[in-house]
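Encoded as structure tokens, the structure appears first; notes follow it.
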């Protein structure tokens, strides 16, 4: 892939997403990274960043973050 091809691909995605359409990202502002107390019960409502963008999935099932991941968070 050349830089010229990469530039064309990026332009294509920018047109699809709309570079000026930032309203969809406003929803994510101010959300906590993760709600450690509720885990999978919040799938229907985006009360944390991870729930808004979607939890990790394996074999089609959503999984909450693991305990060791909580220890890594400041």
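The values are calculated or read from the model by the stated rules, or taken from the named source; none is laboratory data. Just so it is clear, the structure is predicted and the values come from calculations on it, not from any experiment. When we count neighbours, we look across all protein chains shown, and the Cβ atoms used for this are built from the backbone with ideal geometry, even at glycine.
The set of residues from region 60-74 being surrounded by fewer than 10 Cβ atoms within 10 Å (Cβ to Cβ) and in a helix (DSSP H, G or I) comprises 67, 68, 71, 72. For region 1-24, a tally of residues being within 27 Å of residue 48 (Cβ to Cβ) and modelled with pLDDT of 75 or more returns 0.
A Cβ distance below 8 Å, combined with a sequence gap of six or more or placement on separate chains, defines the contacts here; from region 55-68, residues that are within 16 Å of residue 37 (Cα to Cα) reach residues that are part of a strand (DSSP E or B) in the pairs 55/62; 55/63; 63/56; 63/57; 65/56.
Select from region 34-52 the residues that are modelled with pLDDT of 55 or more and part of a helix (DSSP H, G or I) and write down the one among them that is surrounded by the most Cβ atoms within 10 Å (Cβ to Cβ). So, considering only residues that are modelled with pLDDT of 55 or more and part of a helix (DSSP H, G or I), the one surrounded by the most Cβ atoms within 10 Å (Cβ to Cβ) is 51.
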